[in-house]
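Worksheet: one structure, shown below.
The values are calculated or read from the model by the stated rules, or taken from the named source; none is laboratory data. Keep in mind the model is a prediction, meaning the values are calculated, not measured. Positions of Cβ are generated from backbone atoms using ideal geometry, with glycine treated the same way; all protein chains shown enter the neighbour counts.
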Amino acid sequence: MRRTLLVLLVGLGLGAFGGAVFGWLVPIQDVSTGFYELHPDYKADYTVMVGAAYAADGDWDKAQARLGRLAEPDPATYVVALAEQYIAEGRNPNDIRNLVAMAVRFGYTTPPMQLYISPSDSEQ
Amino acid sequence: MQEDPPRFPWIALLIGLVVGIAGGLYYGWYLNPVDWVNIGPDKLNAEDQQEYILLVAEAYLQEQEIARASARLAALDTRDIAELVSIQADEALLRGDDPSEVRALTTLAEALGASPMAAEVFSGTSVPATLDEGGTATPTFEGIASPTPTGDTAATPIPTQETLTPTPQIISETDLSLVERETVCEIDEGSGRIEILVLNRDEIGIPAVEVRVEWGGEDADTFFTGLNPGVDPGYADFDMIVDRVYSVTLVGLAEPVVGLDSGNCTADSGEESIPTYRLTFAPNSNDNTEDEGE
């Protein structure tokens, strides 16, 4: 009797583990989600695209709304940090300029950004 | 007499497994479902995927790097990204979305080799940052279009000969023009209006075309075709004030039509009224003639 109970418990444990793992690997619910769950690399690229679109249309409200979708606690700090990271890594100058333009629009300028600030950025 | 060794309790194991699996699945699916973090764009919900595509298109207008745009779209893990962008461009056109967004999507779709219906209006009119003062549109993507039309061309109301052309159709300021201008003087509710109709080559109305009406040297109003689809998807109208001279421009697509005078006219009945102007625009072709009637 004791042995039977032990086997039952082992079966329960194995089954529960296997069932949970299967449930996580093969979800039945809609797993689609929003920009806030993007991988940091995709978030960075998304921000670069927002910067490019802002450079093209100059629509700051739209750019802010788009940045808001990333649900970063402080979008301005995030853009500034990303701009400085891109500068430090020597990334595409156009991307850097677009990021810096947004950082300036947020009211932030840091020494590394100086090279990439255009006169039109500082006028806004 | 020797006692048989106890048999293995297979039934208990089976019951345990079945109950355990059921409980595990319930836990994994409902109590503590998987929480996705650090995802790629392919896991975005449908709305955000559309926003992502739009953003790729708008960024492309500024960056002009088709390889980069393609790589970004490839992250959506979709088989035919050109078709995807093309469909979104057409849907945006039919919804009457912001023309700048439709332009961006159309431009990217064409650069990827697709032939969206929206290209009837917006092909080659994009890249606003590169337009010169005169507004001349630049056919930036010549030669990139696919020589084999994609499946969506079947639903595209463009003549077959047009869609099979491997070079994207360019519509610039001189590609749409006034093909009919009619002035009517009647006593009815519609008097004193400027009625605009924008047609494609198949004489199907084109929505979401930006129309600018100016009068008095300072005043102006901008609106779009397609806001009254009950009349025609390519239709728009504007109520004039008496004794003004108006001009109408299809922004970026056609030369202005000037001298639309809202001074009084005399109807057939002999009563005074305000004239109604009916302006029809269509793509240029050799057989189009301007027909002006009174």
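Figure legend. Inter-residue proximity from segment B:11-27: first residues facing chain A (nearest Cβ under 7 Å), second residues aromatic (Phe, Trp, Tyr) and part of a helix (DSSP H, G or I), beta-carbon distance below 9 Å, spacing 6+ or different chains. Indicated pairs: B:Gly20/A:Phe17; B:Ile21/A:Phe22; B:Gly24/A:Phe17; B:Gly24/A:Phe22; B:Leu25/A:Phe22. Is it the case that segment A:6-14 has a residue that's β-branched (Val, Ile, Thr) and out of contact with any Lys or Arg (no Cβ under 9 Å at 6 or more places or on another chain)? Scanning segment A:6-14, I find at least one residue that is β-branched (Val, Ile, Thr) and out of contact with any Lys or Arg (no Cβ under 9 Å at 6 or more places or on another chain), so the answer is yes. Step by step: first the residues of segment A:24-48, then only those that are crowded, with 16+ Cβ neighbours inside 10 Å and at pLDDT below 85, then the one that is nearest to B:Leu13 (Cα to Cα). Which residue is that? Going through the qualifying residues, I end up with A:Trp24. As for segment B:24-39, it holds at least one residue that is at pLDDT below 90, surrounded by fewer than 19 Cβ atoms within 10 Å (Cβ to Cβ) and under 14 Å from A:Asp45 (Cβ atoms).
The residue list A:Ala52, A:Ala63 contains one member that is closer than 17 Å to B:Ala57 by Cβ, out of contact with any strand residue (DSSP E or B) (no Cβ under 7 Å at 6 or more places or on another chain) and facing another protein chain (nearest Cβ under 7 Å), which is A:Ala52. For segment B:48-69, the condition holds for at least one residue, the condition being that it is at the interface with another protein chain (Cβ under 9 Å from one of its Cβ atoms) and among the β-branched types (Val, Ile, Thr). The single condition among (1) in a loop (DSSP other than H, G, I, E, B); (2) under 19 Å from A:Ser118 (Cα atoms); (3) touching a Phe, Trp or Tyr at 6+ places or on another chain (Cβ under 9 Å) that A:Ala52 does not satisfy is (1). One residue stands out among those in segment B:220-252 that are among the β-branched types (Val, Ile, Thr) and either assigned to a loop (DSSP other than H, G, I, E, B) or surrounded by 13 or more Cβ atoms within 10 Å (Cβ to Cβ) (or both): the one that is farthest from the chain's Cα centre (by Cα), which is B:Val242.
A single entry from A:Glu72, A:Glu89, A:Glu84 fulfils the requirement of being touching a Phe, Trp or Tyr at 6+ places or on another chain (Cβ under 8 Å) and either surrounded by fewer than 21 Cβ atoms within 10 Å (Cβ to Cβ) or free of Cβ contacts under 8 Å to residues at least 24 places away in the same chain (or both): A:Glu72.
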